[in-house]
Every structure is written in C-alpha cells, then in structure tokens.
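Have a look at the structure below, then the notes.
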Amino acid sequence: MREERFKIERPPRLAFPVITGWRILDVFRNALLPSRCAGCNCWIPAVDPPRAFLQRIGPGAAGDGKSADAGQIQDAAETSLQDTGLLRLEAMLCGSCRKHLVLAEPPLCKVCGKMFKGRQGPDHRCGDCIRQPKQFTSARSAVLYTPGFREVVHRYKYRGKIQLAGPLGEILLAAFLRFWASGDMDVILPVPLHPKRFRQRGFNQAYLLMQHWKHFESSLAATSRVLVKTRATAPQTGLGKAQRRRNIRNAFAVLRPEAVRSRRILLVDDVYTTGATVNECARVLLKSGAEQVNVLTVARAV
Ligand SMILES: [Zn+2]
Ligand SMILES: [Zn+2]
C-alpha cells in the first residue's frame, strides 16, 4: 500500500529506470548493431546523452523527496510522456538531425498554430487567419516541420519506416495533452487517404500514430470510416495556397453523419502545411453537423 502511494506521488522517478535501461540497451545495440539515422540515413556512431531528458527532467523533477500536488503530477506525467517520445525519437537520429527537432511552443496563432518568430507576448491571430478565416477552431502541432524533420516524416510515410510510429505517436499525444484536456473532444478522426493511395502505402499515417495512444489514454479512441476521401487528388506538394485549396475541394465525405453531429472533433494528420486539407475536412464535418473541429498534427510548417 505504502509502495503504491510512493509510486503515484512521484511519477518522475519512473523516468530513471527507463533511462538507465535505455542506456544499457544502447551500449549493446551500438556494439553489435550500429543503426542508421531515421533522418539522413547516416550510420549513427554512438548515442550521445539524450538532450530532451537532460533538459526537461531537471534535478528537482528527478525526485527531491517532497510529494507533489495533483497539478504537478499531471505536468510531470505530460512532460515525461513527451520526453519518452522525444527520447525514443532522438535515439533514432544522428547528432545533426536531432538539432532539427524543435517543439512548437507559444506564442502561437490562436487559430492555425503558426509559431511566431517573436518569442514574447500572448497568442493572437496571424495575418493569414485574419484575412482568410478558417473552418476549424484551432490547429496545434508537436514540433516544427524543419528541413531535417521533413526527412523523418518522409521516411515514415513514403519509405515505410513504421518503427517511427511509436515515438511520433507519443510526441503527438503529448502535444494533445499540452494544448487540450482529454475531455475536450468527443471524436478523434484521422485525415483519410483515398483507397488507391491507401493500397499503395499500406497504412494511414495518422491512424497508425494514434494506435500508440491507447497505451497511455484508453479514453481516446480514433475512429476510421467516418470521414472518407472520395476523390483521388494530385499530391499537394509543390502547389501554391490557392491551388492546394482547389485541388482538395470536394474530395472528402462524411459516411456516418450521426457519428459527428453535435460532436467536438479532433482531426489528426502528420503535417500542417497551408492547412488546405484539414480546412476542407473541417468544412464537410461542420456541414454534417459537427459542433466544432480542432486539428492536431505532428509537425507544423514554419
Ligand atoms: Zn541524421
Ligand atoms: Zn493563423
């Protein structure tokens, strides 16, 4: 009983055995099986001290003998969840690719989640969202879509490196808990792929990321086959803002309107570039009676 309370009151202590086990494993892995970087594909010579862990779990958080209150426990749980994801991701990257892992942090655009260059002041709407109001209520991301991180996403999505789904799913969930409470959403939907694209790729990248959520939050379940893509569209890459909007227009449909009517929807995707895709999804969801649509992505274009 005493042991139980001890564990609950000081969750950050759990991080210590995790990191120790991780380091031991790394020593063996590096000696026997040098791995390739999930970003640039170079051979990773040795694993450096994990940056995310050292920065975020400081001496105070590592267990100072004092019991924490509920808020601190919640903060620590979110931080350690994020660290677990970042740590696992960093272990798959070389030193230079790790530098491209940048958290999306406030001040952000209240609507589209764009990270402002000035690092002071409150969140506010960006010029683009003022000029062109969005269908969704808010969009948030875990990290920035830096050139290095683009390689990671491409390896995951196009080269089938699905081992990345675990750590990417964890940083996605940590971002969700950073910006919302789990009770804020009624339905979670992945942005769908057209069946033809799904057959080519073999998996839906957003849905696969959320499969890793159930280890942490059993109340958050993703639902597929509610929102579907009915028209195969040309890739959005290389298109301008207006072209992207036209390209994706009327490409989605809601198969089961009763599943979204009067519900708060969380739409999940891998990358937010101009927001054309999620905005179009939000439009059809709202047309089918959704109360509001929010967007969560792993990465956000800078
Ligand atoms: Zn690399
Ligand atoms: Zn904006």
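The values are calculated or read from the model by the stated rules, or taken from the named source; none is laboratory data. If you're wondering where the values come from, they're calculated on a predicted model, not measured in any experiment. Backbone-built Cβ (ideal geometry, glycine too); neighbour counts: all protein chains shown. Just so you know, the surface numbers come from the protein's heavy atoms only, side chains and all, with ligands and any DNA or RNA stripped out. Shrake-Rupley method; radii C 1.70, N 1.55, O 1.52, S 1.80 Å.
Numerical summary
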item	result
Count of residues meeting criterion [among the aliphatic types (A, V, I, L, M) and over 13 Å from the mean Cα position of the chain (by Cα)] in region 153-190	6
All positions within region 280-302 that are assigned to a strand (DSSP E or B) and within 30 Å of Glu151 (Cα to Cα)	Val293, Asn294, Val295, Leu296, Thr297, Val298, Ala299, Arg300
Of the criteria (1) out of contact with any helix residue (DSSP H, G or I) (no Cβ under 8 Å at 6 or more places or on another chain); (2) among the β-branched types (Val, Ile, Thr); (3) closer than 18 Å to Cys40 by Cα, which one Ile130 fails	(3)
Residue match in region 254-277 (condition: among the polar types (S, T, N, Q), under 23 Å from His154 (Cβ atoms) and in contact (Cβ under 8 Å) with a residue 40 or more places away in the chain)	yes
Options Val111, Val143, Val152; residue that is touching a Phe, Trp or Tyr at 6+ places or on another chain (Cβ under 9 Å) and within 16 Å of ligand 1 (Cβ to nearest atom)	Val143
Filtered residue count, region 281-300, keeping only those that are under 19 Å from the mean Cα position of the chain (by Cα) and either open to solvent by 20 Å² or more (accessible area, probe 1.4 Å) or among the aromatic types (Phe, Trp, Tyr) (or both)	0
Count - residues of region 154-163 that are crowded, with 19+ Cβ neighbours inside 10 Å and either out of contact with any helix residue (DSSP H, G or I) (no Cβ under 6 Å at 6 or more places or on another chain) or farther than 26 Å from Phe252 by Cβ (or both)	1
Residue list for region 77-132, filter: touching a residue at least 40 places away in the same chain (Cβ under 8 Å), open to solvent by less than 70 Å² (accessible area, probe 1.4 Å) and not in a helix (DSSP H, G or I)	Met92, Leu93, Cys94, His100, Leu101, Val102, Leu103, Ala104, Cys112, Gly113, Met115
Helices (runs of 4 or more DSSP H) enclosed by region 192-269 - at least 1 residues per element that are surrounded by fewer than 18 Cβ atoms within 10 Å (Cβ to Cβ) and at pLDDT below 95	195-201, 241-248
First in region 222-245 and touching a residue at least 60 places away in the same chain (Cβ under 8 Å) and farther than 15 Å from Val191 by Cβ, second anywhere and in a loop (DSSP other than H, G, I, E, B) and open to solvent by 60 Å² or more (accessible area, probe 1.4 Å), Cβ under 8 Å, 6 or more apart	none
Exclusive hit being in the same structural domain as Arg150 (by TED's automatic domain parsing), over 18 Å from Thr137 (Cα atoms) and out of contact with any Asp or Glu (no Cβ under 8 Å at 6 or more places or on another chain), set Val226, Val284, Val260	Val226
